[in-house]
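So the structure is just underneath, and the comments pick up after that.
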Amino acid sequence: MIGRMFDAVTRRWDEFSTRRAVAKGMALIHGPARVELAEDEAAVICLVKDAAYFIEAFLAHHQALGVRHIVLVDNGSSDDTIAVAKRFDCVTVLQNTLPARQYEVLLRVVAARQVIQGGWFLFADADEMFEVPLDASLPQLLGYLTKHDYTAMVSQMLDLFSPLSYGEGKDWDYSRVLQQADHYSLGQVQSVAYHEHDAIGFSWFLDQNEGDVALKIGGVRAEVFGEACFLSKHSIVRNIPTVQPMVHPHCASKVRVADVTGLLRHYKLAGDYLARDRASVANGTWEHSEDAKRLAAATGGDAFRIAPQSAYVYAGPEALVEQGFLEASEAYRRFIC
């Protein structure tokens, strides 16, 4: 028993020390150091590095969506990411160069807690565009979550791509990608129960949660590139002390999960994505091997096409609810009408 107590104390001390080191490494580059949100307001939290290709459209989209503030955690960009972000109001840029492959979760969480007081966190990557379920506003969604005492909502990542060859699309700027990379596939999307331990590699984090929405695995990147894609993220989380907003890149803990799921339009396959993959592999940015799998599978040079067995043209969240990719309860539908 004494040994277990010692191990527990040591583990807590290590966690505290690591969190303190991450907090100490946060440097305020731009924007307010502290922002207070109302209960129906959200702040986007985004970890970035060399995201200049995406960042302007990312910031504009989420500000138009109605988020109150955006916190960017820059992980040592050498491009114009920070310069672009400085052109926007209601944006805070923190910089921390600790390696993301080791500190990914804490870089987001420490920055979120440091800057944002109250409200909700909306976790999204620079190549993701959050969409509110069905024809509702972000304040409506947050009002629904608050009224029903939910403290988190799952969103599903939908990989969008162009059916044209890699060579035809690799020089597109991001604005053109958003217009023309409008295809998606559900051919190899699998649904798994929220508490299905065998299918979810981080299921122990979910054991402390209350929820029963389906989680998604697979998709077009699994079908075309052989990636092991987990598509679900606890993207919206209530900013209260009892909640652990991100314990894994895909989930929060100690939360009550909503009966509606959001959408993250995902543009991992935008523009010259293979060049980004080559840089990621060369720099050892991530522990996973997804970038290397895409490089290995994309044979044929510029003639390579993303060609799943079946594909649809993106037409908004409503169609995805009808196709079973997203969920929207009757209670949510009645609330937003």
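Throughout, read-outs are computed from the coordinates displayed, never taken from laboratory work. Computed from a predicted structure; not experimentally measured. Glycine gets a Cβ as well: all are built from the backbone with ideal geometry, and neighbour counts include every protein chain shown.
Taken one residue at a time, the phi angles of segment 157-164 give Karplus couplings (6.51, -1.76, 1.60, θ = phi - 60°) of 7, 10, 6, 9, 8, 9, x, 6 Hz. Gly and Pro are set to x.
Under 8 Å for C-alpha pairs, at least 6 residues apart: give me the relative contact order for segment 127-337, rounded to a whole percent.
Reported as a whole number, the value is 34 percent.
Considering only GLY143, PRO317, CYS46, the residue lying farthest towards the positive end of the dipole of the chain is CYS46, judged by Cα position with unit charges set on Cβ. Extension gain, ALA315 to PHE202: 0.36 nm times the residue separation minus the Cα-Cα distance gives 37.5 nm.
Adding -39500 (n - 2.57) for every DSSP H run of four residues or longer, then dividing by how many residues the chain holds, sets the calculated 222 nm ellipticity at -10500 deg cm²/dmol. Were the residues from PHE304 through ALA60 laid out at 0.36 nm apart, the gain over their Cα-Cα distance would be 84.7 nm. Look at the dipole of the chain built from charges on Cβ: of ALA258, ALA21, GLY76, the Cα furthest out on the positive end belongs to ALA21.
Comparing ALA303, VAL35, HIS234 along the charge dipole axis of the chain, the residue lying farthest to the positive side is VAL35, per the Cβ-charge model.
Helices meeting the span-like rule in the chain (full DSSP H runs, Cα extent of at least 18 Å along the helix axis, mean Kyte-Doolittle score of -1.0 or higher): 2-24, 52-65, 100-115.
Annotation: amide H of MET157 within the under-5 Å range of SER232, LYS233, LEU264, sequence separation 5 or more or interchain, hydrogens built in the peptide plane. Applying a threshold of 32 Å to the alpha-carbon distances of LYS86/LYS147; LYS24/LYS233; LYS49/LYS170; LYS233/LYS293 flags LYS86/LYS147 as lying beyond it. For segment 233-318, GluC sites (Glu not before Pro) meeting the loop criterion (DSSP other than H, G, I, E, B) and having at most 15 other Cβ atoms within 10 Å: GLU287. Here, segment 49-151 is characterised by an Rg to Rh ratio of 0.98, where Rg is the alpha-carbon radius of gyration and Rh the Kirkwood radius. Summary of the geometry: segment 71-143 and segment 258-337, compared by the centres of their Cα atoms, lie 19 Å apart.
The label point for ARG278 and the one for ALA23, both projected 7 Å from the Cα toward the Cβ, are 4.3 nm apart.
The stretch between GLU168 and ALA297, if pulled fully straight at 0.36 nm per residue, gains 44.6 nm over its current Cα-Cα span.
Bridge orientation summary for segment 127-337: considering DSSP beta bridges with both residues in this region, about 75 percent are antiparallel.
Given +1 at the Cβ of Lys and Arg, -1 at the Cβ of Asp and Glu and no other charges, the dipole of the chain around its Cα centre is 980 debye to the nearest 20.
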